Amino acid sequence: MSNLEVLDVMYQTFQLALKLALPFLVVSMVVGVLIAIFQAATQINEQTLTFVPKLLAIMAMMGFLGSTMLVMLQDFTRGIFSMVAGG
C-alpha cells in the first residue's frame with residue numbers, strides 16, 4: 001500500500017465522519033438556538049431545558065437517517081476490507 005493510497009483512505013474516512021456527524025450537529029445547534037431564544041424571551045434560565053428537545057431531535061434524525069448512515073458505513077467497511085484482501 002503506497003502513501004497515496006493511505007492518504008486516500010484517510011481522506012475518505014474524514015469525509016465519512018463528517019457526513020455522519022454533520023446532520024446531528026446542525027440539528028442540535030438549531031434546536032439549541034431556538035431554545036435559547038425561547039429562554040431569552042421568557043426569562044426562564046433553566047440549564048437543563050435544552051437537553052430533552054435536543055435528545056428528541058437527535059433521536060428523530062437517527063430514525064430518519066439511521067438506515068442511510070448504516071449503508072454508508074457498510075459500503076466504506078466493504079471497501080476497506082476489499083483493499084486489505086486485495087493487497
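The values are calculated or read from the model by the stated rules, or taken from the named source; none is laboratory data. Given the structure is predicted, the values throughout are model-derived calculations rather than measurements. Neighbour counts are summed over all protein chains in view; Cβ atoms, including those assigned to glycine, are modelled from backbone coordinates with ideal geometry.
Of all residues in the range 66-87, count the ones that are loosely packed, with under 11 Cβ neighbours inside 10 Å, more than 18 Å from residue 23 (Cβ to Cβ) and either among the aliphatic types (A, V, I, L, M) or touching a His at 6+ places or on another chain (Cβ under 9 Å) (or both).
2
Does at least one position in the range 22-41 carry a residue that is loosely packed, with under 10 Cβ neighbours inside 10 Å and either assigned to a helix (DSSP H, G or I) or modelled with pLDDT of 95 or more (or both)?
yes
Restrict the check to the range 44-65 and report whether at least one residue is under 12 Å from residue 16 (Cβ atoms), in contact (Cβ under 8 Å) with a residue 40 or more places away in the chain and surrounded by 12 or more Cβ atoms within 10 Å (Cβ to Cβ).
Looking through the range 44-65, none of the residues is under 12 Å from residue 16 (Cβ atoms), in contact (Cβ under 8 Å) with a residue 40 or more places away in the chain and surrounded by 12 or more Cβ atoms within 10 Å (Cβ to Cβ).
Please go through the range 53-76 and pick out each residue that is farther than 23 Å from residue 34 by Cβ and among the hydrophobic types (A, V, I, L, M, F, W, C).
The answer is 69, 70, 71, 72, 73, 76.
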